[in-house]
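Structure first, then comments.
The values are calculated or read from the model by the stated rules, or taken from the named source; none is laboratory data. Predicted model, so just to flag it, every value in this text is computed and none were measured. Cβ placement follows ideal geometry from the backbone for every residue including glycine, while neighbour counts extend to all protein chains displayed. For the accessible areas, the whole protein counts, side chains as well, though only heavy atoms, and no ligand, DNA or RNA atoms are used. Shrake-Rupley method; radii C 1.70, N 1.55, O 1.52, S 1.80 Å.
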Amino acid sequence: MVLGILKKVWLLLGRIRFDYGIKIFFFDKSICFIAQYMRKLIETTFKDLFQKVPLIVNSPGRINLIGEHTDYNEGFVMPAAIDKKMYVGIAENGLSNARIYSLDFQEEFTFDIRSFSPKKGHWATYIMGVTAQLQQAGYQVKGFDMVFGGDIPVGAGLSSSAALECAAGFALASLFGFDIPRLSLVHYAQKAEHLFAGVQCGIMDQFASVMGKKGHVIRLDCRDLSYEYFPLDLGDYQILLVDTQVKHSLADTAYNRRRNECAEVVLMAQQNLVGVKSLRDLRLKDLDQLKAYINEEVLGRGEFIIEENERVIDTSKALKEGNLKKVGELMYASHEGLSKKYSVSCTELDFLVEMTQPMDYVLGSRMMGGGFGGCTINILKKESVEIFKETITASYADKFKKTPKFYEVNLEEGTSRL
Ligand code: GLA
């Protein structure tokens with residue numbers, strides 16, 4: 001009885017912290033506190049629901065410094081895992097069912113592991129998707145119980161779904177002793193998104209979640225998956241995300257459409273040029289030859305991808321030289337392209353980026369992730385964070401009658417056992 005009440009208070013405090021962004025003293029900003037809190041929460045819930053002690057893993061959300069929509073075009077991206085994570089507790093149940101409880105939705109879902117199909121739009125579909133991928137790869141998944149939750153805001157473009165897929169896959173592997181290489185886990189999670197959630201995403205989100213390294217961004221070549229870690233030493237500056245509070249609900253269909261438009265450019269290029277496998281193989285001047293066959297809008301998609309790939313390479317150079325000013329300029333250029341040529345921004349994102357332009361304490365700003373809502377990523381002076389928040393909040397509320405949220409993020413290790 002007392003335990004029950006304590007758990008309710010515990011859950012309620014968690015919801016306040018995670019849903020409304022209010023900082024409660026014992027949560028601090030330190031990830032350790034959140035991890036400890038999540039461990040306790042998962043263990044208590046697990047005991048209540050399934051009378052067992054679970055094994056617990058976590059997998060982070062991600063930011064992307066630069067290189068947007070390039071991943072599914074065999075291009076370059078520069079993401080990093082962050083200190084906002086999905087936590088999954090798991091234990092065997094000796095049944096042929098998977099019983100899953102979502103802490104965020106406070107809802108249970110059961111499926112028969114011998115026969116199941118996607119449940120699009122439902123949170124359980126990500127876990128079902130990964131389970132299916134492991135089974136297809138020959139891993140004998142037995143009945144399991146699972147409790148999960150975390151502090152990655154949903155629909156904010158921080159890849160909470162990829163984090164859930166990766167955490168669930170890693171939890172299953174850890175529980176049943178499957179020896180799955182990290183890169184295979186990345187592929188299974190991506191395939192789960194394709195086949196169960198119905199989004200033809202690239203590989204960036206799952207790769208960043210599994211492969212992240214503390215204090216580093218990853219420059220990933222999505223053609224051959226070779227990668228290099230770059231320390232992100234921001235000195236007096238820091239990363240701050242601004243959440244438009246616009247959920248990218250239309251994004252999935254538009255996202256798949258962008259993929260098709262890029263494929264259209266590649267197809268046309270293949271009929272006119274030799275040695276073209278993807279947009280990665282094209283230069284801007286090659287597009288001139290395609291003008292007669294493709295409309296301007298679709299050609300613009302190709303143009304953006306070619307330029308964005310170059311920007312990632314330039315960003316790597318600038319980081320090596322410690323030239324943060326240049327990184328900032330490239331971020332603004334990336335946003336311009338995403339908004340004008342690739343058309344995946346929205347009024348709110350454009351407004352937030354534009355607002356930062358006259359602020360001399362902001363080095364760079366751009367929309368981040370799939371687009372149509374979610375967050376902007378900003379690099380700004382640490383000492384100016386408060387004034388930045390105040391200015392943005394006031395103007396944004398004035399224009400859109402909405403309050404944006406702010407997330408200060410640190411770069412973290414990828415998927416791991418707690
Ligand atoms: C989403 C997808 C990624 C990537 C980004 C855009 O986050 O899941 O694969 O394409 O959009 O860069």
### Message
Out of everything in region 73-104 that is in a strand (DSSP E or B), small (Gly, Ala, Ser) and surrounded by fewer than 24 Cβ atoms within 10 Å (Cβ to Cβ), what residue ends up being farthest from the ligand (Cβ to nearest atom)?
### Response
91
### Query
Mind checking whether some residue in region 278-295 is over 17 Å from residue 219 (Cβ atoms), out of contact with any strand residue (DSSP E or B) (no Cβ under 7 Å at 6 or more places or on another chain), of a type in the set (A, V, I, L, M) and open to solvent by 60 Å² or more (accessible area, probe 1.4 Å)?
yes
### Task
Please tell me if residue 237 is of a type in the set (Ser, Thr, Tyr), over 30 Å from residue 291 (Cβ atoms) and under 21 Å from the mean Cα position of the chain (by Cα).
no
#### Entry: Matching entry among 368, 359, 355 (being within 20 Å of residue 406 (Cβ to Cβ) and either among the basic types (Lys, Arg) or within 16 Å of the ligand (Cβ to nearest atom) (or both))
368
### Message
Of the residues 225, 232, only one is within 14 Å of the ligand (Cβ to nearest atom), over 13 Å from the mean Cα position of the chain (by Cα) and open to solvent by 20 Å² or more (accessible area, probe 1.4 Å); which?
### Response
225
#### Entry: helices (runs of 4 or more DSSP H) completely within region 304-418 that count 3 or more residues being open to solvent by 40 Å² or more (accessible area, probe 1.4 Å) and touching a strand residue (DSSP E or B) at 6+ places or on another chain (Cβ under 6 Å)
none
### Number of positions in region 201-211 that are more than 10 Å from the ligand (Cβ to nearest atom) and open to solvent by 10 Å² or more (accessible area, probe 1.4 Å)
1
### Query
Of all residues in region 140-178 being of a type in the set (Ser, Thr, Tyr) and in contact (Cβ under 8 Å) with a residue 60 or more places away in the chain, which is surrounded by the most Cβ atoms within 10 Å (Cβ to Cβ)?
159
### Query
Quick one: in region 105-139, which of the residues that are of a type in the set (Gly, Ala, Ser) and either open to solvent by 60 Å² or more (accessible area, probe 1.4 Å) or not assigned by TED's automatic domain parsing to the domain that holds residue 45 (or both) is nearest to residue 199 (Cα to Cα)?
121
### Top-ranked residue in region 179-200 [being of a type in the set (A, V, I, L, M, F, W, C) and surrounded by fewer than 24 Cβ atoms within 10 Å (Cβ to Cβ); ranked as nearest to the ligand (Cβ to nearest atom)]
199
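Test of understanding: among 174, 117, which residue is out of contact with any Leu (no Cβ under 8 Å at 6 or more places or on another chain), over 29 Å from residue 68 (Cα atoms) and not basic (Lys, Arg)?
Being out of contact with any Leu (no Cβ under 8 Å at 6 or more places or on another chain), over 29 Å from residue 68 (Cα atoms) and not basic (Lys, Arg) holds for just one of 174, 117, which is 117.
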### Flag for residue 70 being open to solvent by less than 50 Å² (accessible area, probe 1.4 Å), within 16 Å of the ligand (Cβ to nearest atom) and at pLDDT 95 or above
yes
### Query
Can you name the residue in region 42-64 that is in contact (Cβ under 8 Å) with a residue 60 or more places away in the chain, over 20 Å from residue 166 (Cβ atoms) and touching a helix residue (DSSP H, G or I) at 6+ places or on another chain (Cβ under 9 Å) and, of all such residues, is farthest from the ligand (Cβ to nearest atom)?
52
